[in-house]
Every structure is written in structure tokens, then in C-alpha cells.
1. Are any of the residues in segment A:41-59 in contact (Cβ under 8 Å) with a residue 60 or more places away in the chain, within 14 Å of another protein chain (Cβ to nearest Cβ), surrounded by 14 or more Cβ atoms within 10 Å (Cβ to Cβ) and in a strand (DSSP E or B)?
2. Residues in segment B:64-87: is at least one within 11 Å of chain A (Cβ to nearest Cβ), outside any strand (DSSP E or B) and either buried (at least 18 other Cβ atoms within 10 Å of the Cβ) or at pLDDT below 95 (or both)?
3. Which of (1) crowded, with 17+ Cβ neighbours inside 10 Å; (2) within 14 Å of chain A (Cβ to nearest Cβ); (3) under 13 Å from the mean Cα position of the chain (by Cα) does B:Q108 not meet, given it meets every other one?
4. Among the residues of segment A:61-99, write down those that are within 14 Å of chain B (Cβ to nearest Cβ), at pLDDT below 95 and assigned to a loop (DSSP other than H, G, I, E, B).
5. What are the residues in segment A:64-107 that are of a type in the set (S, T, N, Q), surrounded by 13 or more Cβ atoms within 10 Å (Cβ to Cβ) and under 14 Å from A:V19 (Cβ atoms), if any?
6. Could you tell me which numbered condition B:Y36 fails, if it satisfies all but one of (1) surrounded by 13 or more Cβ atoms within 10 Å (Cβ to Cβ); (2) assigned to a loop (DSSP other than H, G, I, E, B); (3) within 13 Å of another protein chain (Cβ to nearest Cβ)?
Amino acid sequence: EPEVTQTPSHQVTQMGQEVILRCVPISNHLYFYWYRQILGQKVEFLVSFYNNEISEKSEIFDDQFSVERPDGSNFTLKIRSTKLEDSAMYFCASSEKSAQYFGPGTRLTVL
Amino acid sequence: DQQVKQNSPSLSVQEGRISILNCDYTNSMFDYFLWYKKYPAEGPTFLISISSIKDKNEDGRFTVFLNKSAKHLSLHIVPSQPGDSAVYFCAASGGGSARQLTFGSGTQLTVLP
């Protein structure tokens, strides 16, 4: 069964550094998303992407964040200058229609 | 932000019995509802969904009921199995191009053998 994959599974970085989280969505899906879950909190929407542009973004998704689909398979989330409060699980998801399918997540730890 | 609420943080059920997980929402613009199951250190796994034009959707052991007037939905699992033990999240999305999911806080289901 096709699934969303994410790399790396765990990323440790110093505050102020840039990180890129990578995702390979399910191949025939057209909609892509990033969510995050801070420890002990709800899963929160960050951004959705369709037809090579952002279709929705939350208040969390400020100028420090960007997304890109650099080729036909990858979907990336870049955080330009990480802050301590960016430490969280980051989940990529993709959908063909309404149901969104999630990857296993990347645990980002900012020191 | 409490647009989607799961008021029971945990639920324990005997194997073979029915598990009923509940979810309430406040945003009347939500028109699509989903249930996800999540194991530790894994991403949410899609289980079942329902559109607001329906009041019930069934898939194997899983049934979701939607009561729009009460802004309430529930997930029934019958019969419950030990492998169903996980955190269950309710999520909702709005209409048209608004596809972002708003999640509840989750309910930890434990199915006892």
C-alpha cells in the first residue's frame, strides 16, 4: 500500500540554524500538507500546497518557514532560523481528495 | 482554540466489547470529519471519514456517526481488539478549498484482553 515517507526521522540542530525536512507524498496525490505536534499538545496545521503554490497557511507559518516541491516527488519544509519553540514532531501529509494520509514524522529538536 | 474537542482523555474497554469515542465541534463551517489512530512515534493513520451530508459511515469494525444539530460525532469500534489500543484523534475540515484539518486532543483507548 502506498505511503508517505519522511526523512530524517530525527533532526537535532542548534538554535538559529536552518533545517530542511523532507517528504515524499503518495505518488498520485495532488495536495500536500505540513502539520506539527509540540509535545503534549494537539496536532496543528502549518501549510497546504497545491499546483505548485501555497493554498492555505496558519499563523504559525511565518516568514521563517517555506515549502517547496523541488522535483516531481519531494516536498520540503524549510525553517530558516530555528528557535527553541520549533522543537516538535513535524508531519507531512498528502491527499487525492479529502482524506489526508500522514507520514511517520520528523522529530525536530532545537538546542 | 477549542474548535474540535475530545473531552475524554482515556477510555478502557474489554476485548470483544464496543468502544465508543466521542468528539464535539463548534465551527458550523466544518463539513468533513475524520478519525485517525496514532501509535507512539508514528504518524496518524487514517481510519474513516464522513461528509456532513451523511449521518453514518461504516467500514468493517469501524462506524462513524454524525449528529449535525448537536455538532457531535462518534466512532464505534466493534468488536474491540487489543491491537486497537492507541490514541484516537478526531479531525475536521471546512468547505471548498479549505482543506486544513483541525484536530482534537485525542483519546487514549486501551482494550483489555
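1. Taking segment A:41-59 and keeping what is in contact (Cβ under 8 Å) with a residue 60 or more places away in the chain, we get none.
No: segment A:41-59 contains no residue that is in contact (Cβ under 8 Å) with a residue 60 or more places away in the chain, within 14 Å of another protein chain (Cβ to nearest Cβ), surrounded by 14 or more Cβ atoms within 10 Å (Cβ to Cβ) and in a strand (DSSP E or B).
2. First, the residues of segment B:64-87 that are within 11 Å of chain A (Cβ to nearest Cβ): B:87.
Subset that is outside any strand (DSSP E or B): none.
No, segment B:64-87 contains no residue that is within 11 Å of chain A (Cβ to nearest Cβ), outside any strand (DSSP E or B) and either buried (at least 18 other Cβ atoms within 10 Å of the Cβ) or at pLDDT below 95 (or both).
3. (1)
4. The answer is A:E96, A:K97, A:S98, A:A99.
5. If we filter segment A:64-107 for residues that are of a type in the set (S, T, N, Q), which is where we start, we get A:64, A:66, A:73-74, A:76, A:81-82, A:87, A:94-95, A:98, A:100, A:106.
So of that shortlist, the ones also surrounded by 13 or more Cβ atoms within 10 Å (Cβ to Cβ) come out as A:64, A:66, A:74, A:76, A:82, A:87, A:94-95, A:98, A:100, A:106.
Correct list: A:Q64, A:S66, A:T76, A:T82, A:S87, A:T106.
6. For B:Y36, the exception is condition (2).
The values are calculated or read from the model by the stated rules, or taken from the named source; none is laboratory data. Predicted model only: the values in this text are computed from it and were never measured. Cβ atoms come from the backbone with ideal geometry, glycine included; neighbour counts cover every protein chain shown.
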